[in-house]
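These notes are about the structure you will find just below.
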Amino acid sequence: QVQLVESGGGLVQPGGSLRLSCAVLRSIFSVYGMDWYRQAPGKQRELVAVLISGGSGNYADSVKGRFSISGDSAKNTVYLQMNSLKPEDTAVYYCHARFRGVHYWGKGTQVTVSS
């Protein structure tokens, strides 16, 4: 059974950085096309970044220029490098994949940006 396992969240001060990882266990699909979502308290889950074939990414306007998505096919892992973090980036971050019509989600990792 495919599992997505996120790690790397935590508490960071405004302006700081974090790197999230998403390991795909028993993978049956490419890391390309995988994405990161986030959900802040009281808000809907929103798409943050998508890893595109070739290694580039598409980003939400709110994180462009600050976040960078990447992947390692050999390790079946997707990363989200988050720089210049702001309090409004505080959320639970989820890794997601869709393959043959089935959606796969991780359990999420908490990111808190606060002084």
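The values are calculated or read from the model by the stated rules, or taken from the named source; none is laboratory data. All values reported here derive from a predicted model rather than from experimental measurement. All Cβ positions, glycine included, derive from the backbone under ideal geometry; neighbour counts span all protein chains shown. The protein model used for the area step is the full one, side chains on, heavy atoms only, and it has no ligands, DNA or RNA in it. Shrake-Rupley method; radii C 1.70, N 1.55, O 1.52, S 1.80 Å.
Details
- Residue check, F29 surrounded by 15 or more Cβ atoms within 10 Å (Cβ to Cβ) and in contact (Cβ under 8 Å) with a residue 12 or more places away in the chain: yes
- Filtered residues of segment 1-23 (kept if modelled with pLDDT of 95 or more, in a strand (DSSP E or B) and open to solvent by 40 Å² or more (accessible area, probe 1.4 Å)): V5, S7, L11, R19
- Scan of segment 103-115 for residues that are farther than 15 Å from R38 by Cβ and part of a strand (DSSP E or B), ordered by number: H103, Y104
- Residue match in segment 33-45 (condition: over 15 Å from S7 (Cα atoms), at pLDDT below 95 and open to solvent by less than 60 Å² (accessible area, probe 1.4 Å)): yes
- Listed conditions (1) modelled with pLDDT under 95; (2) within 19 Å of Q110 (Cβ to Cβ); (3) of a type in the set (D, E, K, R) are all met by R26, apart from (2).
- The one condition from (1) at pLDDT 95 or above; (2) loosely packed, with under 13 Cβ neighbours inside 10 Å; (3) under 23 Å from K107 (Cβ atoms) that A49 does not meet is (2).
- Which numbered condition V50 fails, given (1) without any contact (Cβ under 8 Å) to a residue 60 or more places away in the chain; (2) in a loop (DSSP other than H, G, I, E, B); (3) β-branched (V, I, T): (2)
- Answer residue from segment 63-102, given it is β-branched (V, I, T), open to solvent by less than 30 Å² (accessible area, probe 1.4 Å) and assigned to a strand (DSSP E or B) and is farthest from Y37 (Cα to Cα) among those: T77
- Test result for S70, of a type in the set (S, T, N, Q) and either on the phi > 0 side of the Ramachandran plot or at pLDDT below 95 (or both): no
- Candidate set from segment 103-115 (those that are farther than 14 Å from S21 by Cβ and among the hydrophobic types (A, V, I, L, M, F, W, C)); member that is least open to solvent (accessible area, probe 1.4 Å): V113
- Residue satisfying all of: in segment 68-108; without any contact (Cβ under 8 Å) to a residue 40 or more places away in the chain and hydroxyl-bearing (S, T, Y); farthest from V5 (Cα to Cα) among these: S68
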